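Structure, as structure tokens:
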Amino acid sequence: MLIDYPEFVDRANSIVTAMAAAARQAGRVAAEIELLPVTKTHPAAAAEYVARYGLLGVGENRVQESAEKRGQTTGAARSLRWELIGHLQTNKAKLAAQHFDRIQSVDRDKLIQHLGRAATELDKVLPILLQINAGQDPAKFGAELEDAPRLLEAALAQKYLRVDGLMTIAPLGATSAETSAHAERTFANLRMLRDDLTRRYHTPLTTLSMGMSGDFGLAIAAGSTLVRVGTALFGARGTPVAL
Ligand SMILES: *Cc1c(COP(=O)(O)O)cnc(C)c1O
């Protein structure tokens with residue numbers, strides 16, 4: 001069951017406030033950090049809340065689920081930006097290129113080739129982020145840090161792909177202190193990689209998609225421009241719980 005709209009507004013307001021505080025503390029401008037609500041597993045109404053509140057996009061982790069949901073939305077939610085944040089199989093590349101406004105989970109050369117071909121056929125410039133396993137977590141998807149330059153070169157060579165930046169997911173630790181330490185290291189790695197690639201390839205890579213419900217403050221401190229928040233906005237997936 002989805003929480004009601006007033007509760008969504010309360011949750012969104014506290015996240016926006018916490019994001020602004022984290023930005024201020026880091027000497028950054030809050031306006032340069034976007035909140036991307038993650039609506040995966042939630043009904044189309046969740047995306048309608050997002051649009052009504054005035055946010056611009058949603059994150060989804062499955063191609064089919066997202067396409068169906070978008071088809072069910074009405075009004076302002078129809079013009080949201082739909083972004084894929086979950087792992088993408090090459091056999092779904094074409095559908096994903098068709099459906100999504102941006103794909104954040106581009107993590108291997110073969111996928112770049114498939115997406116490039118699909119975007120060319122659709123005559124659509126497809127914005128992407130390169131997903132990097134910046135926390136060197138064996139359980140996570142994402143290209144290894146050292147493979148990032150090669151991957152960026154492959155993506156830049158595709159006329160119909162536009163590389164907006166980089167994305168990462170921080171690994172979990174056994175304790176919360178360990179989790180925080182992993183997250184800080186992961187976000188710092190992604191930030192350094194971005195700065196390095198920007199210099200080497202003279203390409204802006206303005207979007208740094210990092211930070212989720214549990215670690216967006218640390219991500220903002222490290223330079224995140226886009227935080228992907230699900231649980232803190234909508235409650236636990238499956239059963240919403242109070243914050
Ligand atoms: C589910 C998901 C999120 C949101 O996670 P929460 O902890 O619920 O905020 C963010 N990023 C990715 C890639 C996800 O799959």
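The values are calculated or read from the model by the stated rules, or taken from the named source; none is laboratory data. Being a predicted model, the structure only gives us computed values, none of them experimental. Here Cβ is always computed from backbone atoms with ideal geometry, including for glycine, and neighbour counts include all displayed protein chains. To get the accessible areas, we keep the full protein, side chains included, count just its heavy atoms, and leave off ligands, DNA and RNA. Shrake-Rupley method; radii C 1.70, N 1.55, O 1.52, S 1.80 Å.
Within the stretch 167-193, track down each residue that is within 13 Å of the ligand (Cβ to nearest atom) and either over 18 Å from the mean Cα position of the chain (by Cα) or not hydroxyl-bearing (Ser, Thr, Tyr) (or both). Across the stretch 167-193, the qualifying residues are Met167, Ile169, Ala170, Pro171, Leu172, Thr179, Ala183. You will find that of Gln113, Gln131, the residue that is out of contact with any helix residue (DSSP H, G or I) (no Cβ under 7 Å at 6 or more places or on another chain) and surrounded by 22 or more Cβ atoms within 10 Å (Cβ to Cβ) is Gln131 and no other.
Restricting attention to the stretch 23-35, the residues being within 21 Å of Leu80 (Cα to Cα) and either of a type in the set (Asp, Glu) or open to solvent by 70 Å² or more (accessible area, probe 1.4 Å) (or both) number 3. Per the conditions (1) out of contact with any Lys or Arg (no Cβ under 7 Å at 6 or more places or on another chain); (2) open to solvent by 60 Å² or more (accessible area, probe 1.4 Å); (3) away from the ligand (no atom under 16 Å from the Cβ), the sole criterion not satisfied by Gly71 is (2).
Within the set Ala12, Ala20, the sole residue that is open to solvent by less than 60 Å² (accessible area, probe 1.4 Å), hydrophobic (A, V, I, L, M, F, W, C) and either touching a His at 6+ places or on another chain (Cβ under 7 Å) or free of Cβ contacts under 8 Å to residues at least 60 places away in the same chain (or both) turns out to be Ala20.
Quick one: would you say Leu226 is within 15 Å of the ligand (Cβ to nearest atom) and in contact (Cβ under 8 Å) with a residue 60 or more places away in the chain? Here the answer is yes, as Leu226 does meet what is asked.
Selection within the stretch 56-77: residues that are under 19 Å from the mean Cα position of the chain (by Cα) and part of a helix (DSSP H, G or I). The member of this set that is farthest from Arg237 (Cα to Cα) is Ala77.
When Leu126, Leu55 are checked against the criterion of being open to solvent by less than 10 Å² (accessible area, probe 1.4 Å), closer than 30 Å to Ala31 by Cβ and away from the ligand (no atom under 14 Å from the Cβ), Leu126 stands alone in meeting it.
Only one entry of Val50, Val38 meets the criterion of being surrounded by 16 or more Cβ atoms within 10 Å (Cβ to Cβ), within 14 Å of the chain's Cα centre (by Cα) and over 23 Å from Ala118 (Cα atoms), and that entry is Val38.
Among the residues here, Pro171 qualifies as in contact with an Asp or Glu (Cβ under 6 Å, 6 or more places away or on another chain) and either closer than 19 Å to Ile85 by Cα or buried (at least 21 other Cβ atoms within 10 Å of the Cβ) (or both). Annotation note: Cβ proximity below 8 Å between a residue of the stretch 94-107 that is part of a loop (DSSP other than H, G, I, E, B) and a residue that is at pLDDT below 95 and surrounded by fewer than 24 Cβ atoms within 10 Å (Cβ to Cβ) (sequence gap 6+ or interchain) occurs for Asp107/Phe141. Considering Val163, Val125, the condition of being touching a Phe, Trp or Tyr at 6+ places or on another chain (Cβ under 6 Å) and either touching a residue at least 60 places away in the same chain (Cβ under 8 Å) or hydrophobic (A, V, I, L, M, F, W, C) (or both) is satisfied by Val125 alone.
For the stretch 94-104, indicate whether the set of residues that are more than 23 Å from Asp164 (Cα to Cα) and within 16 Å of the ligand (Cβ to nearest atom) is non-empty. No, the conditions are met nowhere in the stretch 94-104.
One residue stands out in the stretch 74-93 among those that are at pLDDT 95 or above and more than 15 Å from the ligand (Cβ to nearest atom): the one that is farthest from Ile132 (Cα to Cα), namely Leu80.
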